Amino acid sequence: MARLPVSPEKLIEQFGPHRNYPPQEGFVGRDEPDEIVNTHCCFCGMQCGIKLLVKKNHVVGFEPWMEFPFNEGRLCPKGVQRYMQNNHPDRLLQPIQRQEGVGFQNTSWDEAMEKTVSEIKRIQASYGNDAFSILSGVSLSNEKSYLMGKFARVAVKTANLDYNGRLCMVSAGAGNKKAFGLDRISNNFQDLERAEVIMISGANVSETFPTLTHWIWRARDYGAKLIVVDPRVIPLARTADLHLAIRPGTDSALYGAMLKYLADHDMLDHDFIENYTTGFEQTLEAVKDYTLEWAEEVTGIEKQKIELASQWWGKAATSFLLHARGIEHHSKGVDNVVGCINLVLATGRIGKPYCGYGTITGQGNGQGGREHGHKCDQLPGNRDITNPEHRKYIADVWGIDEKDMPGKGLTAYELIEAIHRGEVKGLLSICFNPLVSLPNNNYVREALEKLEFYVCIDFFMNETSRHADIILPGSLHEEEEGTVTTAEGRVVRIKRAVDPPGQARTDTSIILELAKRLGAEDKFTYNSSEDIFNELRVASKGGTADYFGITYKKIEDNMGVFWPCPTLDHPGTPRLWEDKKFATADGKAHFNAAAYRPPGEVTDEEYPVVMTTGRVVSQYLSGTQTRRIGKLVDLYPEPKLEIHPELAAKYGIGQDEMVRVSTRRGSDEFPANIVETIRKDTVFLPYHWPGKKSANQFTPGTLDPVSKIPEFKVCACKLEPLGIKSPPSTDSQAFASV
Ligand SMILES: Nc1nc2c(c(=O)[nH]1)N[C@H]1C(S)=C(S)[C@@H](COP(=O)(O)OP(=O)(O)OC[C@H]3O[C@@H](n4cnc5c(=O)[nH]c(N)nc54)[C@H](O)[C@@H]3O)O[C@H]1N2
Ligand SMILES: Nc1nc2c(c(=O)[nH]1)N[C@H]1C(S)=C(S)[C@@H](COP(=O)(O)OP(=O)(O)OC[C@H]3O[C@@H](n4cnc5c(=O)[nH]c(N)nc54)[C@H](O)[C@@H]3O)O[C@H]1N2
Ligand code: SF4
Ligand SMILES: [Mo]
């Protein structure tokens, strides 16, 4: 029988208007807190320092942590509301079990664990070990990310483990490894301050990394020129010296043409290219026909602007290039990334003060979580699961025979395809909401309905877990000790401020209990998160992401330590490559040829408009957390389709009028938001909502061939005006109980 989701109406019927449990004690007064805990925001990769106020084991508020060096007390709208989650009436407080025909019912931990373990064993006995899969996420700490990798390989013994970073920065990671042999931003953000030229491509910094804006503005105060590449005049672009309004899906053409311009006008660092890099000639050869005229035609950016950007970039003494998902969420994400890196290498501006390059890591622990082994092809320390030496080293740390370690598994979206094919029958997910965040989500829904068993670990019920057989109530960021690695590569301490509420447990204790019941207790003998971290240090030793020299104490004494940090007396590495010895096999930085290819789906007569998707400042990812916080919902209650006045006029669409959006995969209705800040051939839809409000009913499952990142940033759509005003949003009442 298809495992249909339990409906919201049914949940309210079963568990009351707060969807599950009656509210807890409420916010227990805001007078003097019992304790003030210095920790970090749970949301984006900036990992801003924050002080949480704790009273009677509840988080009741926050204060700025002025001393933390990156954000110096500054927080964004999500940061100042994050404390509302610990005591939220929607918190899952008890394990829940699906009962066909009834919905969900509360159950005991023992029964929930027993059922989970017996189903894992049944599925693996019937269909093989890899028929049980695991999806993990990088809001999890380093310790939990490491634990999930070991749990999958040692306790569950499946190859099929992947993580939500697959939807995030994997194309940047792959590009960085090709070029530098290592996957981390080259300099900390302080080096932005005196960069003469800053180029920001496909990163809506003011909305997605708001506290980073400060460092860019400081650079502007010192006279930096700011170039922004984005199909929209994003808030940062309003303060830019040059905005390149690129047609989505054409970045590699722009960077290729810029590289050719630099070469044609001899704006190259010949000494650096000759002595410290490889591959320049082949890379230049690949773009030899990329004239400014050609680039204008492909990218839609006036050639004078491309020329100006090239000249500024070429002549600068210091520079910083940053990019994010706008160039990475493509079926040629890796090509776009190496296209950017080629510009940096051609001018030799890396490994020096105020000369930097990097991807801006998205999720809270997007950096650390992509280093410690819960990717399908990776082992801790950013080791390769197909490399015999790497396997042997980690097998020894784990105390297992290398032959018993599973090999490379499927990536996140490929797992969904494998469920469709009947090869994967069971799923455990933690910290991932694939029904909202994977592309082509009607196809994802059908896969969930085909599973024989699905268990989810989360602190809120999300849209995917409504398909689950068992939901295990886990812990928030502030309910467990640990570390995360910020977008700068700075390893920081997350403090346990309060205990998980009700019967909820820490994620770690849930995983350890499952490992024990799966018969692997002797391999998981930790008494604390610090014990796990100490094993991670050893496991990462000698890998490119080397954490061996980092300890909890050292982090606390220094408010963070930058990896690589190979020995206990090593101070950490805020700036990479100062010695020009790169982490590649030959020690050189590698140029990589990136010839332009069109996106996976291009516009045609039937679907003439480009759609791109992304974020708004007040909502976070699949929205499970931020759609439950009233003030954030009020800031942006529902998705609106951003459309240029000329395109709107062409279709007869008025402000706030409903538009039917159709693609080859789905069709739905959205209110129009007419803005002059978007290209005339492109519409933008934020993706933080499920079901009929979901952007991912439209996005195709086209993947980058190297990194397997989905093409979230381009699809072809058609628009039809419905001639009616949008009804008022009901989200505030429906979702935001606080
Ligand atoms: N408020 C908020 N902040 C967040 C998050 C969130 O959900 N909400 N999520 C965090 C995470 S996990 C991530 S990954 C980051 C993402 O951070 P960003 O990458 O900054 O966010 P996006 O909105 O996905 O995309 C950025 C920009 O890419 C542009 N773009 C679209 N197509 C193209 C293209 O083809 N080329 C170029 N050059 N630009 C293009 C879009 O117009 C958009 O402004 O944000 C982090 N911070
Ligand atoms: N169309 C479109 N789709 C996109 C994107 C886009 O730009 N456009 N962006 C993509 C990107 S960059 C990303 S990163 C993904 C993110 O996609 P997801 O990872 O699916 O998004 P989240 O909302 O983080 O879902 C994580 C779930 O984990 C839970 N969670 C958070 N922290 C913890 C924790 O510490 N412990 C436990 N147990 N659970 C936790 C939350 O409650 C939530 O239910 O979405 C991708 N999808
Ligand atoms: S910028 Fe990111 S880490 Fe900082 S407060 Fe906002 S969401 Fe939190
Ligand atoms: Mo992300």
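The values are calculated or read from the model by the stated rules, or taken from the named source; none is laboratory data. Since the model is a prediction, treat every value here as computed from it, not as a measurement. Cβ: placed from backbone, ideal geometry, glycine included. Neighbour counts: every protein chain shown. These accessible areas exclude ligands, DNA and RNA; they are computed on the full protein's heavy atoms, side chains included. Shrake-Rupley method; radii C 1.70, N 1.55, O 1.52, S 1.80 Å.
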Would you mind stating whether R597 is within 16 Å of ligand 4 (Cβ to nearest atom) and outside the structural domain of F180 (by TED's automatic domain parsing)? no
Return yes or no: is R91 touching a helix residue (DSSP H, G or I) at 6+ places or on another chain (Cβ under 6 Å), on the phi < 0 side of the Ramachandran plot and among the basic types (K, R)? no
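Might you check whether a residue that is open to solvent by 20 Å² or more (accessible area, probe 1.4 Å), part of a loop (DSSP other than H, G, I, E, B) and over 23 Å from P33 (Cβ atoms) occurs anywhere in segment 110-118? Please lay out each step first, then the result.
Keep residues of segment 110-118 that are open to solvent by 20 Å² or more (accessible area, probe 1.4 Å), which gives 110-111, 114-115, 118.
Next, only the ones that are part of a loop (DSSP other than H, G, I, E, B) stay: none.
No, there is no match, as no residue in segment 110-118 is open to solvent by 20 Å² or more (accessible area, probe 1.4 Å), part of a loop (DSSP other than H, G, I, E, B) and over 23 Å from P33 (Cβ atoms).
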Hits in segment 50-92 (condition: part of a loop (DSSP other than H, G, I, E, B) and aromatic (F, W, Y)): W65, F68, F70
Anything in segment 388-417 that is open to solvent by 20 Å² or more (accessible area, probe 1.4 Å) and closer than 29 Å to P700 by Cβ? List them, or say none. G407, K408, L410, E414, E417
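Table: residues versus (1) closer than 14 Å to M611 by Cα; (2) modelled with pLDDT of 95 or more; (3) open to solvent by less than 40 Å² (accessible area, probe 1.4 Å); (4) not assigned by TED's automatic domain parsing to the domain that holds S437.
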position	(1), (2), (3), (4)
E642	yes, yes, yes, yes
G652	no, yes, no, yes
V659	yes, yes, yes, yes
R664	yes, yes, no, yes
D668	yes, yes, yes, yes
I674	no, yes, no, yes
R679	yes, yes, yes, yes
P686	yes, yes, yes, yes
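Would it be correct to say that L621 is within 16 Å of ligand 1 (Cβ to nearest atom), aliphatic (A, V, I, L, M), buried (at least 19 other Cβ atoms within 10 Å of the Cβ) and not assigned by TED's automatic domain parsing to the domain that holds Q81?
Here the answer is yes, as L621 does meet what is asked.
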Subset of segment 43-66, residues within 26 Å of the chain's Cα centre (by Cα) and open to solvent by 10 Å² or more (accessible area, probe 1.4 Å), comes to C44, C48, K51, F62, P64, W65
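Residue-by-condition table, conditions (1) under 23 Å from M169 (Cβ atoms); (2) touching an Asp or Glu at 6+ places or on another chain (Cβ under 9 Å):
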position	(1), (2)
T361	yes, yes
G373	yes, no
D384	yes, yes
H390	yes, yes
G399	no, yes
E402	no, yes
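Kindly provide the set of residues from segment 94-108 that are of a type outside the set (V, I, T) and either in the same structural domain as V156 (by TED's automatic domain parsing) or part of a strand (DSSP E or B) (or both), ordered by number. Can you show your working first?
Just the residues of segment 94-108 that are of a type outside the set (V, I, T), to begin with: 94-95, 97-101, 103-106, 108.
Within segment 94-108, Q97, R98, Q99, G103, F104, Q105, N106 meet the criteria.
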For the subset of segment 63-89 comprising residues that are near ligand 3 (Cβ under 10 Å from one of its atoms) and among the hydrophobic types (A, V, I, L, M, F, W, C), which member is nearest to I36 (Cα to Cα)? V80
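Inside segment 130-217, counting only helices (runs of 4 or more DSSP H) that do not spill past its ends, which hold 3 or more residues that are within 16 Å of ligand 2 (Cβ to nearest atom) and within 29 Å of G249 (Cβ to Cβ)?
Numbers: elements: 142-150, 170-180, 205-208.
It comes to 170-180, 205-208.
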Has segment 433-441 got any residue that is at pLDDT 95 or above, closer than 25 Å to G79 by Cβ and hydrophobic (A, V, I, L, M, F, W, C)? yes
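Consider Y552 carefully, then state whether it is modelled with pLDDT of 95 or more, over 27 Å from the mean Cα position of the chain (by Cα) and among the aromatic types (F, W, Y).
On the way: modelled with pLDDT of 95 or more: yes; over 27 Å from the mean Cα position of the chain (by Cα): no; among the aromatic types (F, W, Y): yes.
Answer is no for this residue.
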Some residue of segment 176-184 being at pLDDT 95 or above, under 20 Å from T283 (Cα atoms), open to solvent by less than 10 Å² (accessible area, probe 1.4 Å) and within 16 Å of ligand 1 (Cβ to nearest atom): yes
Looking only at segment 336-387, count every residue that is closer than 30 Å to E402 by Cβ, away from ligand 2 (no atom under 16 Å from the Cβ), open to solvent by 10 Å² or more (accessible area, probe 1.4 Å) and not β-branched (V, I, T) and tell me the total. 5
In segment 197-232, which residue that is of a type in the set (F, W, Y) and open to solvent by less than 20 Å² (accessible area, probe 1.4 Å) is farthest from G326 (Cα to Cα)? W215
Do the conditions hold for V344, that is, is it aliphatic (A, V, I, L, M), over 20 Å from F151 (Cβ atoms) and either within 21 Å of the chain's Cα centre (by Cα) or within 16 Å of ligand 3 (Cβ to nearest atom) (or both)? no
Among (1) in the same structural domain as K375 (by TED's automatic domain parsing); (2) open to solvent by 30 Å² or more (accessible area, probe 1.4 Å), there is one condition K541 misses while meeting the rest; what is its number? (1)
Could you grab me the full set of residues in segment 667-717 that are within 16 Å of ligand 3 (Cβ to nearest atom) and outside any strand (DSSP E or B)? H688
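Tell me, which helices (runs of 4 or more DSSP H) lie completely within segment 392-510 with 1 or more residues that are within 16 Å of ligand 3 (Cβ to nearest atom), more than 19 Å from the chain's Cα centre (by Cα) and within 20 Å of F524 (Cβ to Cβ)? Working first, answer last.
On the way: elements: 412-420, 434-437, 441-450.
Fully inside segment 392-510 and qualifying: nothing.
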Out of everything in segment 166-220 that is more than 12 Å from Y357 (Cα to Cα) and of a type in the set (S, T, N, Q), what residue ends up being nearest to ligand 3 (Cβ to nearest atom)? T211
